[in-house]
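Below is one structure, written out as structure tokens; comments come after it.
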């Protein structure tokens, strides 16, 4: 029964109740009241029309007012209940107040407003969930800010230290040692650039200013080149990278700049969260069922917990369950997902602790 029908039904019930009780009062209580009044005031019957009329009508008026007060209180209780609820929400207290009468039971009058109660309950639960999520994000953001500050200082201290050594004590070092110092300085400067790029990309996404310029290219060759590029980085030298594909070439429309960042972030994530000697395999194939191009990046590393999988693509989340974690903003995987989504693609993760991780990307054909 919808709200309008219940209102009409409630009105008819109230009208019927008032009518029945008024008739009963008129036929039973009013005659008794009239007799009592004559007995008390010693007024003969029929001697005063006004006295008889008032003695007869007053019980009916009292009964009518009593019924009105009864129904008015029932409606007022419901109104005050919802006002109290709304006030709690406005004060940031996302709780559902109890609506009980003196007997500790929920009054039936609330049944008239079940839809309103249901929607307020749904709103309260949603606001409570949002509050918990917001607190979690705020805490993650604080932890993230602290971590990124440290991550920026660490490579900067390397650059500053080695450059100072070379400038103040350059005669003490051989050419081989100087080249080693320069390699470290270069690696740390590249790392700082990656951190700053992550921050810049996040800002651009929030402002909706990411440029998307797709062009047709061989995505198979493009993916293979990304792996070869990562393999040459100093941080990747102790890892084993392989590439497998049953397709030699596939012309696909994509933005090479954005997709390069996405693939790099995925591969670097496999390095940062796994120990040396970990095998990182990239598979490329066509899925005929979903008619999509599939790119899988899988490793046999430490794997992830369910919490880490759930938060992998969330901003400001930095997994900390393993001792192999290296520096990073915690934005890389979120950025990778955004870049892949721009290409109408999807990305998901499958992992278990100590059993490795598989990141699966699908692009529609």
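The values are calculated or read from the model by the stated rules, or taken from the named source; none is laboratory data. Remember, it's a predicted structure, so these values are computed and weren't measured experimentally. Neighbour counts run over all protein chains shown; Cβ positions are idealised from the backbone, glycine included.
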(message) Given the criteria in the same structural domain as residue 334 (by TED's automatic domain parsing), buried (at least 16 other Cβ atoms within 10 Å of the Cβ) and within 17 Å of residue 361 (Cβ to Cβ), does residue 223 qualify?
(response) yes
(message) Kindly evaluate residue 72 against the criterion of being at pLDDT 80 or above, assigned to a helix (DSSP H, G or I) and closer than 19 Å to residue 11 by Cβ.
(response) no
(request) Please work out which one of (1) in contact (Cβ under 8 Å) with a residue 24 or more places away in the chain; (2) within 26 Å of residue 272 (Cβ to Cβ); (3) within 41 Å of the chain's Cα centre (by Cα) is the condition residue 225 fails and give its number. (result) (1)
(message) Can you go through 302, 280 and tell me which one is touching a helix residue (DSSP H, G or I) at 6+ places or on another chain (Cβ under 6 Å) and at negative phi?
(response) 280
(request) Being assigned to a helix (DSSP H, G or I) and in contact (Cβ under 8 Å) with a residue 60 or more places away in the chain is the filter; apply it to the stretch 234-261 and report the residue that is farthest from residue 341 (Cα to Cα). (result) 235
